[in-house]
Each structure stands twice: as C-alpha cells, then as structure tokens.
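Below is one structure, written out as structure tokens; the observations come after it.
The values are calculated or read from the model by the stated rules, or taken from the named source; none is laboratory data. On a predicted model such as this, the values are computed, not experimentally measured, just so you know. Ideal geometry is used to build each Cβ from the backbone, glycine not excepted, and the neighbour counts take in all protein chains shown.
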Amino acid sequence: MSDNENKGILIYAQLSRDFNLLDVVSELASEAQKLSQKLNGENVSAVLLTDGTNIENIKENLKNSGFDKVYILKNEKFSEYSTDIYSKVILDLIKEIKPSIMLFGATTQGRDLAPVIAASLNTGLTADCTKLDINEKGQLAATRPTFGGNLMATILCKNYPQMATVRPKVLQIENVQIKDTEFIEKNIELNDIYSRTKIIEFVKTIQETGITLNDADIIVAGGKGVKNESGFNKLKELAALLNGVVGATRGAVDMGLADSSMQVGQTGKTVCPKLYIAVGISGAIQHQVGMCGSKKIIAINNDENAPIFNIADVGIVGDLNLIIPELINELKNRG
Ligand SMILES: Cc1cc2nc3c(=O)[nH]c(=O)nc-3n(C[C@H](O)[C@H](O)[C@H](O)COP(=O)(O)OP(=O)(O)OC[C@H]3O[C@@H](n4cnc5c(N)ncnc54)[C@H](O)[C@@H]3O)c2cc1C
C-alpha cells in the first residue's frame with residue numbers, strides 16, 4: 001500500500017450559496033492535519049470552485065485553516081452547482097495531483113458529488129463517516145454507523161484515492177497549525193463538459209425563526225409521542241419562545257407531522273445545539289447518532305425506561321401534553 005504514487009489529503013472546500021466556506025471545511029481541515037501527522041506530514045490541500053465572487057475573503061479564511069495548498073478553480077458557470085460540471089472538474093484535479101485521501105463534508109452537495117467521482121475513479125467511498133484515522137499500514141480507516149445504526153463499522157479502501165464523506169459537526173476542531181498556504185488559481189475551460197441538470201428554484205429549509213436546524217442553539221424535537229399536528233404546533237410555540245427551531249424523529253416525519261428537512265438522525269441531520277429538548281421521543285440509536293453531540297439534552301417521555309433517558313442530562317417522566325403547555329406558560333409569564 002505504501003509504494004503507490006498517490007500522496008497527500010485533498011478536501012473539497014464547499015462554499016455556501018452566498019459564497020462563504022461551510023463550517024465542515026474547517027472541521028475536515030483540522031482532522032486532515034491529524035491524519036497527515038500519521039502519514040509523515042503529507043500535504044493537506046483544498047479545492048474549491050467559484051465564479052470569482054468573494055475570493056479574497058475566502059482566501060483569508062482558508063489561510064488560517066492549516067492547508068498547504070488551496071486550488072481555486074474559476075469559471076462563471078460555477079455560481080450554480082451542477083453534478084456533471086463539478087464532478088468532472090474535481091476529477092481532473094484529482095487525476096493531476098493524485099491525492100491519497102479525498103474528503104467531503106456529508107452535506108447534500110458532498111453526498112451528491114463524492115459517489116460520482118468515486119465511481120469515475122473506480123475507487124471506494126465510505127459515506128457519512130463519524131470518525132477517521134490512519135491504521136498501522138498507513139490506510140484511511142473510516143468509521144460509520146451500519147446495520148441501522150446498531151454497529152460502528154471501520155472501512156478500508158483498497159483503491160486510491162481513498163474517499164470519504166464526513167458528517168458536519170461530528171469532528172472537533174483542534175489546535176490547527178497555521179501554515180504558509182499556497183493559493184493556486186486556475187481558470188477552467190468547460191468546452192466539452194455540459195450539465196444534464198439545471199437549477200430552476202432554490203428552496204431554503206429555514207423555519208419561521210429564520211434559523212436552520214444545523215445552526216440552531218436550541219432545538220425542540222418531537223417524536224411519535226407528540227401524536228398530532230396540534231401537539232407539534234405547541235412545540236413550535238415553545239421553540240419560538242426559546243428562539244430555537246423544531247426538529248423531529250423519522251417516526252414523526254413518517255406520520256406526516258413534520259417535514260423531512262426537520263428530521264434528526266442517521267438518515268436526517270446531525271445537530272449539535274447547546275440545548276436539545278426531546279419530546280415524546282423514545283431515543284432509538286438511529287435518532288441518537290444525530291443528536292447525541294448536543295451540549296445539554298432534556299428528555300420528556302411518559303415511559304421511564306425510554307432509552308432517551310440514558311443520554312439525557314435532565315429527564316422528565318410524564319405526559320408531554322401537560323408538561324409542554326406548562327413550560328410555555330412559564331416562559332410567557334417570565335416575558
Ligand atoms: C436505516 C434506518 C435509519 C433510520 N434513521 C432515522 C433517523 O434519521 N432519525 C430518526 O429519528 N429515526 C430514524 N430511524 C427510525 C428509528 O429506528 C426509530 O423508529 C424512530 O427514531 C422512532 O421515532 P420516535 O422516537 O418518534 O417514536 P417511538 O419510538 O414510537 O417513540 C415514541 C415515544 O413517545 C413516548 N410517548 C408517547 N406518548 C407520550 C406522552 N403523552 N407523553 C410523553 N411521551 C410519550 C413513548 O413512551 C415513546 O418512547 C431509522 C431507522 C432505520 C432502520
């Protein structure tokens with residue numbers, strides 16, 4: 001494994017629609033530095049695609065992220081995401097610089113791009129990882145939940161580059177070593193690349209408070225125990241009073257009580273708020289993997305044996321239909 005020509009770690013530095021770097025890029029950069037130390041200090045690079053907007057600002061942010069090199073690929077068509085165009089352009093760069101490891105955030109875009117690139121390179125991809133490491137043979141050991149979240153599997157890839165997507169907010173940013181980052185700007189010609197898709201409309205999944213589930217400090221999440229729409233409306237009222245947002249279990253989404261964009265868990269979003277209030281949620285492992293990083297967890301459930309109480313900082317055993325209105329009243333009385 002060690003005598004292959006692939007060297008270094010490449011990270012896809014995804015930009016938001018307003019041309020800022022996503023937080024997951026810093027998380028991946030910090031993790032890549034740790035991996036690089038176990039690979040005798042191999043280079044950590046990033047690639048980003050831009051139409052040219054906000055470049056100086058992006059460079060300023062990336063300068064402190066610990067990258068050795070940043071490839072800034074420019075074309076005005078990069079303003080809108082396209083699977084065909086983005087994957088082909090990143091693929092060309094991978095063929096040119098031959099990284100040993102390529103990492104993406106497990107965002108909607110990362111989850112779309114990474115498999116297309118992996119398939120084109122005939123290499124493997126470990127999706128939705130929660131932990132990365134380098135084993136004694138210098139291979140990427142990528143860990144992710146499997147069998148419905150009941151087991152953690154560590155997966156090795158025998159082809160190069162070894163690819164993985166990593167969930168946002170699961171990696172801690174630690175002691176980033178500031179480097180003298182080299183920025184390589186390239187104008188990309190798209191002559192023979194065309195996109196089979198076109199963006200017609202961009203629908204933001206932002207709730208009434210204007211805060212996304214990923215950015216919220218406080219999440220009030222409802223499960224099947226909430227039972228009906230009026231119960232969920234109470235959760236919305238509570239969330240609004242706390243300046244938070246409403247999340248949901250897959251159970252609640254399946255019942256039609258909440259939109260799938262609100263789902264927290266293995267097949268939903270990974271969240272790390274300061275406070276997570278789990279209401280009428282049993283605490284299945286598939287839900288826990290998406291919210292167990294919350295700083296404080298309050299669980300409200302009428303079954304004292306519900307697994308959610310095993311990870312809760314504060315557990316309230318009782319009927320949510322009594323407890324939630326009381327909480328709302330208390331907050332209203334306090335103004
Ligand atoms: C591959 C796979 C992926 C999955 N991905 C996800 C995922 O991303 N997110 C996710 O959430 N789930 C996911 N699931 C489903 C998961 O296994 C559980 O089925 C789901 O989380 C259960 O949702 P729940 O807690 O709302 O429902 P339940 O397990 O039915 O729990 C409802 C809880 O409400 C309590 N309750 C009932 N009435 C009251 C009341 N009046 N007052 C107080 N408490 C009350 C009950 O005691 C119970 O504990 C996945 C499953 C699989 C197999």
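Quick check on this structure: which one of Ile316, Ile324 is closer than 19 Å to Thr249 by Cα and in a helix (DSSP H, G or I)? Show your work before the answer.
Values: Ile316 fails: in a helix (DSSP H, G or I).
Criteria check complete, one pass: Ile324.
Of all residues assigned to the range 323-335, none qualifies as being outside the structural domain of Gly110 (by TED's automatic domain parsing), buried (at least 24 other Cβ atoms within 10 Å of the Cβ) and within 12 Å of the ligand (Cβ to nearest atom). Among the conditions (1) at pLDDT below 95; (2) touching a strand residue (DSSP E or B) at 6+ places or on another chain (Cβ under 9 Å), the only one that Arg334 does not satisfy is (2). The residue list Ile193, Ile178 contains one member that is under 27 Å from Asn61 (Cβ atoms) and hydrophobic (A, V, I, L, M, F, W, C), which is Ile178. Quick one: in the range 271-281, which of the residues that are part of a loop (DSSP other than H, G, I, E, B) and crowded, with 22+ Cβ neighbours inside 10 Å is nearest to the chain's Cα centre (by Cα)? Looking at residues that are part of a loop (DSSP other than H, G, I, E, B) and crowded, with 22+ Cβ neighbours inside 10 Å, I get Val271.
In the range 13-25, the residues that are β-branched (Val, Ile, Thr) reach residues that are part of a strand (DSSP E or B) with C-beta atoms within less than 6 angstrom, at least six apart or across chains, in these pairs: Val24/Gly105. If you filter the range 258-270 down to residues that are surrounded by fewer than 23 Cβ atoms within 10 Å (Cβ to Cβ) and without any contact (Cβ under 8 Å) to a residue 60 or more places away in the chain, you find that the one that is farthest from Phe232 (Cα to Cα) is Thr267.
Restricting to the range 284-299, name every residue that is part of a strand (DSSP E or B) and either more than 13 Å from Ile316 (Cα to Cα) or within 7 Å of the ligand (Cβ to nearest atom) (or both).
Pass one, the range 284-299, residues part of a strand (DSSP E or B): 296-299.
Of everything in the range 284-299, just one residue is part of a strand (DSSP E or B) and either more than 13 Å from Ile316 (Cα to Cα) or within 7 Å of the ligand (Cβ to nearest atom) (or both), namely Lys296.
Total residues in the range 75-114 satisfying the condition of being touching a residue at least 60 places away in the same chain (Cβ under 8 Å), surrounded by 19 or more Cβ atoms within 10 Å (Cβ to Cβ), part of a helix (DSSP H, G or I) and hydroxyl-bearing (Ser, Thr, Tyr): the figure is 0. Can you find, within the range 265-283, the residue that is nearest to the ligand (Cβ to nearest atom) among those that are at pLDDT below 95 and under 14 Å from Gly223 (Cβ atoms)? Checked the range 265-283; the qualifying residue nearest to the ligand (Cβ to nearest atom) is Gly265.
Counted as qualifying within the range 115-182 are the strands (runs of 3 or more DSSP E) with 2 or more residues that are touching a residue at least 60 places away in the same chain (Cβ under 8 Å) and assigned by TED's automatic domain parsing to the domain that holds Asp23, namely 131-134, 140-146, 162-166. Of the residues that make up the range 241-257, is at least one part of a helix (DSSP H, G or I) and more than 27 Å from Asp128 (Cβ to Cβ)? There is at least one residue in the range 241-257 that is part of a helix (DSSP H, G or I) and more than 27 Å from Asp128 (Cβ to Cβ).
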